[in-house]
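Please treat every number below as a calculation from the coordinates, not as lab data. Quick caveat, the model's predicted, so the values are computed rather than measured. Cβ sites come from the backbone with ideal geometry, for glycine too, and all protein chains shown count toward neighbours.
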Amino acid sequence: MGKRQVPTRPDYIKWLLLAGVAALVVLAGAYIVWHYVLPHSVSVDRYRYPVAGIDVSKHNGDINFDLVAADDYQFAFIKASEGKTYRDEAFDRNYRAAREAGLKVGAYHFFRKNRSGREQADNLLRAVRGKHLDLPLVIDLEDDWGNGATISRQTAIERVLEMIDILNDKGYQVMIYTNLDGYHKYYDNMLVDCDLWLCSFTSPDLLPHLPHCIQQFSHEGRVDGVKGDVDLNVFRGSKREWSQYLDQVKQPQ
């Protein structure tokens, strides 16, 4: 047998460069598919689903919530915090303006899977201290490349459950926000004691088997008072059922 050829250093560099280029091509393709091929919105019958709302953060800029309310939107979920320490710098301003406009207000926290549930509960509780909220506290539970990709499903669920327990002990009702993948990976059978806010670009009429009470149906909404695109949501019920839902939301005494 002849000697096995060992690649020279230039060969290693060449293969590393090729691998880097291939990775960039894959990332570029994924970006194009996500932003330009996959749907980010679906039409919803407002006669069938008359209660609608928006969810916002500092990235939506200055919002005129009086115009939002006048455009026939009834509620707003506002980003309050993320991870262990991050606070959305527009939360206080958005909270005050939305309440003054007469909208029903909720707050959400973006869950970082590499942080403990206690750390994140403490961060969210500090953010909402002293504020009256009409809707449950929301834990935004999503998978992405930058959110604890090495954290196991079981560890992530344990940390979410820890956060839920702490918020419940403080008197808050908790809602989980996720998409269909997150529903099957995290929510189903594990977090069903919490209300569900589902992101899906499918008509609510086509999802009767799922238990969500609120559906986010667009990332590309246009609403008076908000510059640019904004997320749109509907409550899956009538105005009477909406009123009944608000009455049963548990809040600290």
- Highest-first arrangement of 213-223, 239-249, where packing means the average Cβ count within 10 Å: 213-223, 239-249
- How long is the gain from Ile151 to Arg93 if the chain were fully straight, where each residue apart is worth 0.36 nm and the alpha carbon distance is subtracted? 17.5 nm
- Measure out, as a whole number of angstrom, how far apart the alpha-carbon centroids of region 107-123 and region 152-178 sit. 9
- Note on the structure: Percent antiparallel among DSSP beta bridges confined to region 196-247, nearest 5, equals 60
